[in-house]
Each structure stands twice: as structure tokens, then as C-alpha cells.
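The values are calculated or read from the model by the stated rules, or taken from the named source; none is laboratory data. Computed from a predicted structure; not experimentally measured. Note: ideal-geometry Cβ built from the backbone for every residue, glycine included; neighbour counts use all protein chains shown. Side chains are part of the model used for accessible areas, which takes the heavy atoms of the whole protein and leaves out ligands, DNA and RNA. Shrake-Rupley method; radii C 1.70, N 1.55, O 1.52, S 1.80 Å.
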Amino acid sequence: MKTIVLGISGGIAAYKSAQLTSELIKKGYDVEVIMTQNATQFISPLTFETLTKHPVLTHTFQSIHPESVEHIRIAKRADVFVIVPATANCIAKIAHGLADDMLSTTFLAAQCPKIICPAMNTAMYQNPITQHNLQLCASYGIQIIKPQQGLLACGDNGEGKLADIDHILQHIEAACTPSLLDGLSIMISAGPTQEAFDPVRFLSNPSSGKMGYALAKVAQQLGAKVTLVSGPVQLPPPINVLLKQVKSAQEMFDTIKQHYKDQDIIIKAAAVSDYRPTTIHDEKIKKTEDKLSLTLVKNPDILAYLGEHKLPHQILCGFAMESEDLLTNAKEKMIRKNCDMLVANHLKMEGAGFQGDTNIASILQGEKIESFEKMTKEELAHIILHKLYTLYKGKEEKSIC
Ligand code: CTP
């Protein structure tokens, strides 16, 4: 049984930690709770004692097991340490290594994966000092689950509302399994393709590659052997990933055909140009005419090819970006291309689509559709990879039976 240490600092969102605790217990985790003095003003320790069946720690020198030093005992027990909510004060303490209460002391002593979920007034959250402290925390490897926009308890409407409990839960689960993808080979395609028609001009699209690169980074962190087939992008390659750079859809197709048989999971996040010019002129086209016509020919559909040639153990995940009838079109694509899963996002939604750091996605698997709130592409990558892993394991178990 994995142990989650749940730290609660003193913000109004503290009451939401009770629901999180309950969900964690239902999922079979052992939960130990540490509350700051201020947190106890918002919700009683008794709530958490009742849910977790453990005493709640609120004081640095509270001695529940006199044979051991309490904060070290808890820090060692933790498989994941999560602070929900993390106030500006709590974040500042963590960022600078302060240890002046039970929560900050135990957090400093813990060596497991750590997650903090900020929740506070918008001005406090957006204050450069808080932002700098969050960056510091991130630089120490602490995962930060960004707050949402919304109506805050103080009456303001803006950024600072605690992330969705379900969303936090998914991150805790992902962090509990840091080597989830150990031994698996995953190929990810990312970015746009460029379809040249003379030496200096091409047809393309505005894909930044951020979603595919986030998937590659997270898959690598989770232990997978990653092959990243990337169209031209302006992003640094993720570490420890086999990067194959391509330009055109045909080059992407050729590279993927070379490697796909060695993969357990394939994710096609690339925005492949559907058509290419029939002719690539050897020399730069001169603007002698008033009108220029290009004849285009269809590119190979790489995802459809992979669906058709899927090996029995493989899991295939496509993406779909639509400007209308999102779910109907996405479902049709998933079936037509024989995908096990499809991530759909709406081109016209603010916070989704090309270029940005966030996405608003729906994930389709068979008849099941799950829609998610806006989140960073890295957060979405965690969720996608978790689901693909579950599908992969399911297939593996079926084949053994
Ligand atoms: N895709 C592909 N090869 C293509 C076109 C698309 O592998 N030539 C993949 C994309 O990487 C994505 C999925 O197919 O995973 C859906 O891409 P999308 O552009 O949304 O769909 P299309 O099949 O191109 O259909 P349409 O443009 O008509 O919506």
C-alpha cells in the first residue's frame, strides 16, 4: 500500500482536502495528514483523523511514536508528498528551505516525489515574488499543479482557485508510479510538416510541437525508451530521447515505418499536412505571373497506416484538432484509423490548439469520452500516458489469458 502524506496549509480551500483524502482512501492509499495551525482554523483535524484512521500532525514536537522522531518517520514513509492547498506563505517557506512548523519541516526532510497545489487570491498568486518562489520550487523538482481561474472566496474572479480535485488525484497517482513506463518503447510524432514547392517556400501549419515534446519529456521521465519523430520546431529536444528530425509528411512516414515495429505505444501528435505540391521546383519561382496555381496531391495518412499495420501488442493513440463537431469527428477518426485512444481538442477554444502552453482536451476510448478542464500540455501528457499504459497492460493481460 502506498503512503501519501497530505500537507494542508491555511487557506479556505483546505476544506477541499477532505474530499481528496476520501478519494485517496477509496483508491487504497494510506494517507497521513499534516496541518499547519492556520489550516486548523478552516477545517478540523478530526475530519482527517476520521477519514485516515491516523492521528493528524499539527505541531513540530507532537510525539505519536515516542520511539522515533516524528517528522523523520513520516518523511520516510511518504511515497508522495502533496500539499493541498499550498498558500503563498507555505510556498515561500518551501522555496527557501524554511522548517519552522511540522509541515515545512517534514516536507524538507522528505525525499519522495513532491507536489504542491497553490490556492490563493489572484493578486497574491500573480505577485512576482510568489511566481519566483514557484519557479524555485519547480527548479528543485517539485511538481506544481497550477490553480484554475474562477470565483474566489474573497469575491475576486481570477487565477488562484485550487485545481480540480480529480486533476490533483491523477497527478498523485502518476507520481506514485515514477517508473510506470519502464521497459516500454514509445514513439511520438510532433510538430508540423513542411511541404516544399521550391527551394525557399513550403506549405505548413502553425503547430509548435509543444504537445508532442511534452509527451516525449514525460514519457522519458516515466522510464520509457522514447523515439521522437519531429517536424521543424523551435523547441529544445527533451533529454535522453532518440530524436529523428524530418521536414515533409513523406519523410515522417518513412521514418515512422522504419521504427514502428519496435514500439509498444505510438502517439501521433504531429500536425501532418494532408497535401503536398505535386512538383518541387529546382529553382526559386519568380513572380512573373499575376496568379500562381499549385496542384496538390494527398500525403500518406501515417496514422491510418499504423492502424492498418498495428502489431497485436501495440497501442495506438491519435490526435484530432477540429473546428466544428469535435467529438463526432474525433470519434469517426478514431474508428477509421483503428486507434485505441484519441485526444481531441477544439481549434477555436481559448487555451487549446496550436502554439499555447495549455490544452483543453477530450480523451476518447471506444464508447468512453472524458473531457478535461484547461491544463498545461505537460499535465495533459501525464494523463494521456497514464491512460495508454492502462490500455497497454490490459491488452497484455488479455493476451496472457
Ligand atoms: N495524421 C497522419 N497523417 C496524415 C494526416 C493526419 O498521421 N496525413 C494523423 C495526425 O497526426 C493525427 C490524426 O491523424 O494524429 C488526425 O489528424 P487530423 O489532421 O485531425 O485529421 P485528418 O485525418 O487529416 O482529417 P481532416 O484533415 O479531414 O480533419
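First compute the accessible area of the chain with a 1.4 Å probe, then give the percent of it belonging to carbon and sulfur atoms. Accessible surface attributable to carbon and sulfur in the chain totals 52 percent. Computed over the range 3-176, relative contact order equals 22 percent, with contacts defined as Cα pairs under 8 Å that lie 6+ residues apart. Of all DSSP bridge pairs formed entirely within the chain, close to 30 percent run antiparallel. Axis angle, to the nearest 10 degrees, between helix 16-26 and the longest C-alpha principal axis of the chain: 80 degrees.
Given a 1.4 angstrom probe, what's the average accessible area per residue across the chain, in square angstrom? Write down the numbers at each step before the final one.
Working: 19390 Å² over 401 residues.
I get 48 Å² per residue for the chain.
Relative to its residue count, the range 3-176 spans a Cα convex hull of 97 Å³ per residue.
How big is the equivalent ellipsoid of the range 220-279 along its three axes, where each semi-axis is √(5λ) from the Cα gyration tensor, reported in whole Å from largest to smallest?
Working: eigenvalues 103, 40, 17 Å².
In descending order the semi-axes read 23, 14, 9 Å.
Summarising the amide proton neighbourhood of Ala110: residues at separation of 5 or more, or on other chains, whose placed amide H is nearer than 5 Å comprise an empty set.
Dividing the summed helix terms, -39500 (n - 2.57) for each DSSP H run of n ≥ 4, by the number of residues in the chain produces a 222 nm estimate of -10500 deg cm²/dmol to the nearest 500.
When all alpha carbon pairs of the chain are counted in 10 Å bins from zero, the resulting P(r) reads 5, 20, 27, 22, 15, 7, 3, 1, 0 %. In the range 198-291, taking the dipole from charged Cβ atoms about the Cα centre, the farthest positive-side position among Ser230, Leu215, Ala249 is held by Leu215.
The H on the amide N of Asn299, modeled in the peptide plane, is under 5 Å from the matching H of Tyr275, Arg276, each at least 5 residues off or on a different chain. In order along the range 371-386, the phi-based Karplus estimate (6.51 cos²θ - 1.76 cosθ + 1.60, θ = phi - 60°) of 3J(HN,Hα) comes to 9, 10, 6, 4, 8, 6, 5, 5, 4, 5, 4, 4, 5, 4, 5, 4 Hz; Gly and Pro are listed as x. Among the trypsin sites (Lys or Arg not before Pro) found in the range 8-95, those both in a DSSP coil and sparsely packed, with 11 or fewer other Cβ atoms within 10 Å of their Cβ, are Lys53. With contacts taken as Cα pairs under 8 Å at a separation of at least 6 residues, the chain carries a relative contact order of 11 percent. Residues Glu397, Glu308, Glu251, sorted by accessible area with the largest first, give Glu308, Glu397, Glu251 [1.4 Å probe; ligands and nucleic acids excluded].
Annotation note: chymotrypsin sites (Phe, Trp or Tyr not before Pro) in the range 32-114 located in DSSP loop regions with a Cβ neighbour count of at most 12 within 10 Å are Phe61. Measure nothing but the geometry: give the 0 to 90° angle between the long axis through the Cα atoms of 210-221 and the longest principal axis through the Cα atoms of the chain, rounded to 10°. Around 60 degrees separate the two axes.
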